[in-house]
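*Asks:* Take this structure, written in structure tokens, and hold onto it; I'll ask about it next.
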Amino acid sequence: MTEKTSLKLFEESQKLIPGGVNSPVRACRAVGTTPRFVSRGRGARIFDVEGDQYYDFVSSWGPLIFGHASPNIINDIREALSLGTSYGAPTERELILARLISEHVPSVEMLRLVSSGTEAAMSAVRLARGFTGRDRILKFTGCYHGHADSLLVEAGSGVITFGIPGSKGVPEALARLTISAPYNDAAAAEEVFSALGGEIACVIVEPVAGNMGVVPPEPGFLEKLRELATRHGSLLVFDEVITGFRLGLSGAQGLYRVTPDLTILGKIVGGGLPLAAFGGRRDVMERLAPLGDVYQAGTLSGNPLAVTAGISALRRLKAEPGCYGRINHMGKRWAEGLLGLVQRKGIPATVNHVGSMSTLFFTEGPVRDYDSALKSDTDLYAKYYRGMLARGVWLPPSQFEASFTSAGFIFEEIDLCLEMAEEVINSL
Ligand code: KE4
């Protein structure tokens, strides 16, 4: 039997799984260490196979707004499990979850459940192309919408030039249909639409970016995208996989009061199980098979266990709206505490934070788009990461990710983690 240490398990895993992980960022290559293999989670804590425990600011990349092994979600899944694991046929629970989502995200008049954010984003783009009869899409550099071919595209040189593949295996002919403009650059978006508006099926954006680190929308940016999409007959797609039910029951669109035509949801909406959704205007969604001519399907779409977890999470958020006040207050304390520490130490760094999402960037800042985020000292972030891990704080293993406060924390634990951060930052 393999000695159960993270290192040993990692060595063994690398023989069968590329990089030893089932998602690249988990390999911790960006932070100069090897991954800790997890045995369990409970509340704000995650435990590795060595039995060490860590305060978890990753929250499985966002889904675990109540922390690990939330009793209500576990109990509800356990009850559903006794009835079976998958039916491949409609269930009432899917209707209940659809009602809960539509109730809190009014722009979602109809929705379709899928199994991952990638699947939801891919499907939303195909639906936008089918609905408008157009092929081009506009995205923003530094935003990530999963790994579907059309969305794994980097900006070409210059704003209006066409995308280049962001990964081997993405056909150039397809990448060229995606234009990537700088985030928060309303003028650039206007320039693209002025040149190509009549060809653009949709503009897709993270209303608060989380995948270049946290970057909030500057005043007017989302409003301008809304105006441009309307004027040119394109669809505005909000990727709220992170922000949906994170920034409030109506997500970023509720917070910033900008209404998209389509919304992509994931993470929290699945309560920690594999579930995502895309939805929006009824006239658009009705183009989906079997009603319409845009095909989309999935064996495990609406899986009863994942739907049960999603219902449990959303019902608890609805019953305990004070949860947002708590996690936002802790998010603010965490962000402001870190900023104070780096300022007192005199390290060039800045913190972006929205609600319970934040990122400590090791650059002077301000960080308002991908180019400014890239100025960060990733070696310094890696040292900070390793120092925090050694003291029992589990951060995203990349400078360009969001960290989250969850309702699994109590306020005193945030202060305790800030004490550990003070030791680490003073040692940098
Ligand atoms: P998934 O296919 O990973 O479920 O969702 C893709 C996705 C879509 N849209 C946004 C805004 C997202 O943040 C994501 C996935 N987020 C990353 C971390 N930022 C997942 C972590 C990983 O790739 O392992």
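*Asks:* Rounded, prolate or oblate: which fits region 189-247, taking a ≥ b ≥ c as square roots of the Cα gyration tensor eigenvalues, rounded meaning a/c under 1.5, else prolate when a/b beats b/c?
*Replies:* Numbers: a/c = 2.33, a/b = 1.96, b/c = 1.19.
Here region 189-247 falls in the prolate category.
*Asks:* Using a simple charge model, +1 on the beta-carbon of Lys and Arg, -1 on the beta-carbon of Asp and Glu, nothing else, what dipole does region 347-394 show about its Cα centre, in debye to the nearest 20? Present the calculation step by step, with values, prior to reporting the outcome.
*Replies:* Working: 5 positive and 5 negative charges, 51 e Å.
Using Cβ point charges on Lys, Arg, Asp and Glu, region 347-394 gives about 240 debye.
*Asks:* Roll a 1.4 Å probe over the protein heavy atoms and report the accessible area of SER60 in Å², nearest 10.
*Replies:* 60 Å²
*Asks:* How would ARG391, ARG287 rank on accessible area, largest to smallest, probe 1.4 Å? Don't skip to the end; give the middle numbers.
*Replies:* On the way: ARG391 90, ARG287 70 Å².
Result, largest first: ARG391, ARG287.
*Asks:* Helices from the chain with mean Kyte-Doolittle at least 0.0 and a Cα length along the axis of 20 Å or more, per DSSP H: which? Don't skip to the end; give the middle numbers.
*Replies:* Working: long enough: 117-132 (22 Å, 0.27); 304-319 (22 Å, 0.68); 322-345 (35 Å, -0.54); 411-427 (25 Å, 0.26).
Helices meeting the criterion: 117-132, 304-319, 411-427.
*Asks:* Quick one: grab the alpha carbon gyration tensor of region 141-242, order the square roots of its eigenvalues as a ≥ b ≥ c, and give me rounded if a/c is under 1.5, else prolate or oblate depending on whether a/b is larger than b/c. Let's see the in-between values first.
*Replies:* On the way: a/c = 1.66, a/b = 1.15, b/c = 1.45.
Cα axes put region 141-242 in the oblate bin.
*Asks:* Further question: Measure off, as a whole percent, the carbon and sulfur share of the 1.4 Å-probe accessible area of region 178-254, all protein chains present. Could you put the intermediate results ahead of the total?
*Replies:* On the way: 1010 of 1820 Å².
That share works out to 55 percent.
*Asks:* With a 1.4 Å probe and all protein chains kept in place, how do HIS329, HIS147, HIS104, HIS232 rank by accessible area, largest first? Before the final figure, lay out each step's value.
*Replies:* Numbers: HIS329 95, HIS147 115, HIS104 20, HIS232 45 Å².
From most exposed to least exposed: HIS147, HIS329, HIS232, HIS104.
*Asks:* Further question: With the chain treated as a Gaussian network of Cα nodes joined by springs under 10 Å, which of GLU199, GLU320, GLU336 yields the largest mean-square fluctuation?
*Replies:* GLU320
*Asks:* Could you please state, rounded to a whole Å, how far the C-alpha centre of region 327-362 is from the C-alpha centre of region 152-206?
*Replies:* When both Cα centres are located, 32 Å separates them.
*Asks:* Taking a 25 Å limit on the Cα-Cα distance, which of the listed pairs LYS8/LYS168; LYS224/LYS375; LYS139/LYS267; LYS345/LYS383 fall beyond it?
*Replies:* LYS8/LYS168; LYS224/LYS375, as the Cα separations exceed 25 Å there.
*Asks:* Before I look further, what does region 71-319 give for accessible area per residue, probe 1.4 Å, in whole square angstrom?
*Replies:* The answer is 39 Å² per residue.
*Asks:* In addition: Sort ILE425, ILE74 by accessible area with a 1.4 Å probe, largest first. Intermediate values should be presented prior to the final figure.
*Replies:* Numbers: ILE425 0, ILE74 65 Å².
Sorted by accessible area, descending: ILE74, ILE425.
*Asks:* Averaged over all directions, how much area does the convex hull of the C-alpha atoms of region 71-319 cover when projected, in nm²?
*Replies:* On the way: hull surface 52.0 nm².
Averaging across all directions leaves 13.0 nm² for the Cα convex hull.
*Asks:* How about LYS4: which lysines have a C-alpha closer than 21 Å to its C-alpha, ignoring those fewer than 8 places off in the same chain?
*Replies:* LYS15
*Asks:* For region 71-319, what is the percent of antiparallel DSSP beta bridges, rounded to the nearest 5?
*Replies:* If I count the DSSP bridges inside region 71-319, around 40 percent turn out antiparallel.
*Asks:* From the square roots a ≥ b ≥ c of the eigenvalues of the alpha-carbon gyration tensor of region 299-428, which class results: rounded (a/c under 1.5), prolate (a/b over b/c), or oblate?
*Replies:* Numbers: a/c = 2.11, a/b = 1.70, b/c = 1.24.
Since a/c reaches 1.5 and a/b is larger than b/c, the shape of region 299-428 is classed as prolate.
*Asks:* Then there is this: Less than 15 Å apart at the alpha-carbon level, and either on another chain or at least 8 residues along: which aspartates and glutamates does that give for LYS318?
*Replies:* Result set, ordered by chain and number: GLU103.
*Asks:* Oh, and also: How compact is the chain by the rule of thumb for globular proteins, expressed as Cα Rg over 2.2 N^0.38 Å?
*Replies:* 0.96
The values are calculated or read from the model by the stated rules, or taken from the named source; none is laboratory data. Remember, predicted model here, so these are calculated numbers, not experimental data. When we count neighbours, we look across all protein chains shown, and the Cβ atoms used for this are built from the backbone with ideal geometry, even at glycine. Note: areas computed on protein heavy atoms with side chains; ligands, DNA, RNA excluded. Shrake-Rupley method; radii C 1.70, N 1.55, O 1.52, S 1.80 Å.
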